[in-house]
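Engineer: The following block contains the structure, expressed as structure tokens.
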Amino acid sequence: MKMITTGSETKIKLSFSSRLFYVICYTFITLMALICLIPFIVLISGSFTSENYIRFHGYSVLIHDFSTKAYGLIFKNPVMVLKAYGVSVGITLVGTFLGLILTTVTAYVLSRKDFKYRNVFSFFFYFTTLFNGGMVSTYIYYIQYLHLKDSIWALIFPGLFNVFYLLIMRSFVQALPYALVESAKIDGAGEFVILFRIILPLLKSGMATIGLFLALGYWNDWYNAMLYINTSDKYPLQYMLYNLLQQSQAIARIASQSGIVMADIPSNSLKMAMTVVATGPIILVYPFVQKYFVKGVTVGSVKG
Amino acid sequence: MGAFVKEVKKNKALFVMLAPAVIFVIIFAYLPMSGLVLAFKNYRYDRGVFGSDWNGVENFRFLFASGTGWLITKNTIVYNMMNLITSQALAIIIAVSITEIKKKLFKKISQSIVFLPYFISWVIVGTFVFAIFNYETGLINNLLKAAGRDPINFYGVPGVWKYIIMIFNAWKWSGYNSIIYIAAITGVDAEIYDAASIDGATIFQRIRYVTLPCIRPTLITMILLNVGRILRGDFEMFYQIVGNNGQLYNATDVIDTYVFRSLLQSSNIGMSAAAAFYQSVLCFIIIVTVNGIVKKIDCDYALF
């Protein structure tokens, strides 16, 4: 009798503490999700709010005084935006394709158990993450010795081969049964046939993962454009956006200092609209590609 | 050497597959390291890296005599420590909460939302910062004005930027890091949880005595990785959040932003090369030392 009482007592206590826990848990996660979303909402609202409203009341979470003037302005003269989109799409496609081949082939060789120097070469690659020339050496080397100033390749080379992705890819290859290689060899298949006919088709999910990481890196890159690109025709989307934001901030600063009213340029809503245009593709594909990134992060976190 | 030649002959195809990556890494990672000698030279473009005159430790003397060297080192370390603690702590809390949540849809959506900031370029985060904190139209000043309070000019208060940077760093990385911890938690043997609940552990006890100890290896790896980068500031983050606001430099300048400005804006190659050299070499020493110590204590936790 006594035992049953204690039992039911603990049960009530337990359910109270867990109920408390779940309330905290759900509240916390909802709050975090809101904090992650609010900047995006401010951005979208700002892009659809009239310039007059923003000038007097500032940016806000809700859309007030709906206006599509900012988007109208962007699409009325879309050449600049389209060019930048073209550059971004171009470097993303070329960079991802080349980077993916380089990463996959290298990862495959490094995971071959019968390749005697695999550890030596792994360290050869890994060492570059421990020690590097730094910004100054790299910059001067790119400009003076590789002559990459204002070249579109200056946007492609820096992100092409990432040792972290190499290690993730190696984990993907190592997850395949090694007997595949051995039996193909016994059947007399050459090394390239084994790689391209047997291994690569089985690595689809790994290649999708690394390809998406590479693509995201290229799409979001502005830093290399800032360092190396002078001609505005070659600006990728993010850097064009950055320039636009800087210019209009500079204009706004000068205007407010000298008392000029910039009545005709919807600069505040334009900034938000341009940002929406640049972020749009990522938000659109995000739900479909997210799982690959989760997979990549998970595989990458397992030490290998 | 003879063994190497023999191996090349045996695995000719594998060496051919490996060659592109090896050549790429030599060109784009190892050769630029030679540029580190610039730290000891008076660089002149017309003479190139190797033709320029040596000037001993003059560049370093300038960097540290002006006090800049110490300031940027201190800032870099303080920011990295703060960012490490906040983003990892938040990531762990998010991961524990998300794994405890039972409602599948809620779990999936909230996880997607907190991961979203990782996908956004720092340029766009820079727009968010502007939309939230600027003096005339910022969201916060908008709310302050609505509440009848005086607006704050954040760009004139260097002290608050430490926290703004910390918050945005946590905002961008917590979701990403939480995925690593979620992977670690879901990897925990379910039997341990069953045993804990049979023993009558409350939810809090279960988290304290089962979940947290199980993610300790992951946490240690994350701390190690970050300690190895303690002298590397996240250039993109600092540059996009702070921009060219000279008033904020004392509070927000890290080695990377300083190197960038001296290199491209004031063309002070010597000083920026000295700072970059000091950063690369010290980073390397720190990571090798820390890894060595960890290896001595517990081999499993070492990075390499």
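What follows is calculated from the coordinates using simple rules that are stated; it is not laboratory data. Being a predicted model, the structure only gives us computed values, none of them experimental. Quick reminder, even Gly has a Cβ in these numbers, built from the backbone with ideal geometry, and neighbours come from all protein chains shown.
Engineer: Would you please state the base-10 log of I(q)/I(0) at q = 0.16 1/Å for segment B:1-94, with intensities from the Debye formula using one equal scatterer on every alpha carbon?
Structural biologist: Result of the Debye calculation: -0.88.
Engineer: Is the shape of chain A rounded, prolate or oblate, going by the alpha carbon gyration tensor and its root eigenvalues a ≥ b ≥ c, with a/c under 1.5 for rounded and a/b larger than b/c for prolate?
Structural biologist: Because a/c hits 1.5 or more and a/b fails to exceed b/c, chain A counts as oblate.
Engineer: Pop out the ³J(HN,Hα) list for segment A:234-239 in order, Karplus 6.51 cos²θ - 1.76 cosθ + 1.60 with θ = phi - 60°, rounded to Hz; leave Gly and Pro as x.
Structural biologist: For segment A:234-239, the Karplus-derived couplings read 9, 5, x, 3, 5, 6 Hz, x marking Gly and Pro.
Engineer: Using a Förster distance of 41 angstrom, determine the FRET efficiency expected from the C-beta separation of B:Tyr135 and B:Ala19, and round it to 0.05.
Structural biologist: According to the calculation, E is roughly 0.15.
Engineer: Measuring from label point to label point, each 7 Å out along Cα→Cβ, what is the A:Phe196 to B:Ala3 span in nm?
Structural biologist: Inter-label distance under the simple model: 3.4 nm.
Engineer: Rounded, prolate or oblate: which fits chain B when a ≥ b ≥ c are the square roots of the eigenvalues of the alpha-carbon gyration tensor, with rounded for a/c under 1.5 and prolate only if a/b beats b/c?
Structural biologist: oblate
Engineer: Given contacts defined as C-alpha pairs under 8 Å and at least six residues apart, what's the relative contact order of chain A, whole-number percent?
Structural biologist: Reported as a whole number, the value is 28 percent.
Engineer: Something else now. Compute the distribution of all C-alpha to C-alpha distances in segment B:119-204, in bins of 10 Å from 0, and list the percent of pairs in each, rounded to whole numbers.
Structural biologist: Result returned by the calculation: 14, 28, 20, 14, 15, 8.
Engineer: Sorted from largest to smallest, which semi-axis lengths in Å does the alpha carbon gyration tensor of segment B:54-184 give for its equivalent ellipsoid, taking the root of 5 times each eigenvalue?
Structural biologist: 34, 26, 12
Engineer: Enter the Cα centre distance for the pair segment B:59-115 and segment A:94-145, rounded to the nearest angstrom.
Structural biologist: Computed from Cα coordinates, the inter-centre distance equals 27 Å.
Engineer: Would any residue of segment A:97-137 have its amide N under 12 Å from a label point 7 Å out along Cα→Cβ of B:Lys10? List them or say none.
Structural biologist: Counting only backbone N, you get A:113-118.
Engineer: Output ³J(HN,Hα) for segment B:49-55: one whole-Hz value per residue in order, computed from phi by the Karplus curve 6.51 cos²θ - 1.76 cosθ + 1.60 with θ = phi - 60°, and x for Gly and Pro.
Structural biologist: Result, rounded to whole Hz: 5, 8, x, 5, 6, 6, 9.
Engineer: Would you work out the Kirkwood radius for the protein assembly as shown? I mean one over the mean of 1/r across all pairs of different Cα atoms, in Å.
Structural biologist: Result for the protein assembly as shown stands at 26.9 Å.
Engineer: Using a 7 Å offset from the Cα along the Cα-to-Cβ direction at both A:Glu182 and A:Trp153, what is the distance between the two label points in nm, to one decimal?
Structural biologist: The modelled label-to-label distance comes out at 4.3 nm.
Engineer: Taking 0.36 nm per residue of sequence separation and subtracting the Cα-Cα distance, how much length would be gained by fully extending the chain between B:Trp70 and B:Leu143, in nm to one decimal?
Structural biologist: In short, 22.4 nm is gained.
Engineer: Where in segment B:186-227 is the amide nitrogen less than 16 Å from a point lying 7 Å along the Cα-to-Cβ axis of A:Tyr22?
Structural biologist: B:202-204
Engineer: Rounded to a whole number of µm²/s, how large is the Stokes-Einstein D of segment A:80-232 at 10 °C and 1.306 mPa s, given Rh as the Kirkwood radius over C-alpha pairs?
Structural biologist: 92
Engineer: Kirkwood Rh and Cα-based Rg: tell me the resulting Rg over Rh for segment B:4-54, rounded to two decimals.
Structural biologist: Working: Rg = 17.4 Å, Rh = 13.5 Å.
A ratio of 1.29.
Engineer: Mark the label point 7 Å from the Cα of A:Phe127 along Cα→Cβ and return the residues of segment B:12-26 whose backbone N is within less than 17 Å of it.
Structural biologist: B:19, B:21-26
Engineer: Check A:Thr49: other-chain or 5+ apart residues with amide H under 5 Å from its amide H, H built from backbone geometry?
Structural biologist: A:Ser67
Engineer: Could you work out how much longer the chain between B:Met82 and B:Arg47 gets when fully extended? Use 0.36 nm per residue separation minus the Cα distance between them, nm to one decimal.
Structural biologist: Gain on extension, B:Met82 to B:Arg47, equals 8.3 nm.
Engineer: Another question about this same structure. Which of rounded, prolate, oblate describes segment A:82-145, given a ≥ b ≥ c as roots of the alpha-carbon gyration tensor eigenvalues and a/c under 1.5 marking rounded, otherwise prolate only if a/b is larger than b/c?
Structural biologist: oblate
Engineer: While we're on this one: Do you know the relative contact order of chain B, to the nearest whole percent, from alpha carbon pairs under 8 angstrom that are 6+ apart?
Structural biologist: The normalised contact order for chain B reaches 25 percent.
Engineer: Taking Rh as the Kirkwood radius computed over C-alpha pairs, what is the Stokes-Einstein D of segment A:128-169 at 4 °C in a medium of viscosity 1.567 mPa s, expressed in µm² per second?
Structural biologist: D = 112 µm²/s.
Engineer: Each residue of segment A:91-106 in order: what ³J(HN,Hα) in whole Hz does its phi give by Karplus 6.51 cos²θ - 1.76 cosθ + 1.60, θ = phi - 60°, with x for Gly and Pro?
Structural biologist: 5, 5, 5, 5, x, 5, 4, 5, x, 5, 4, 4, 5, 5, 4, 5
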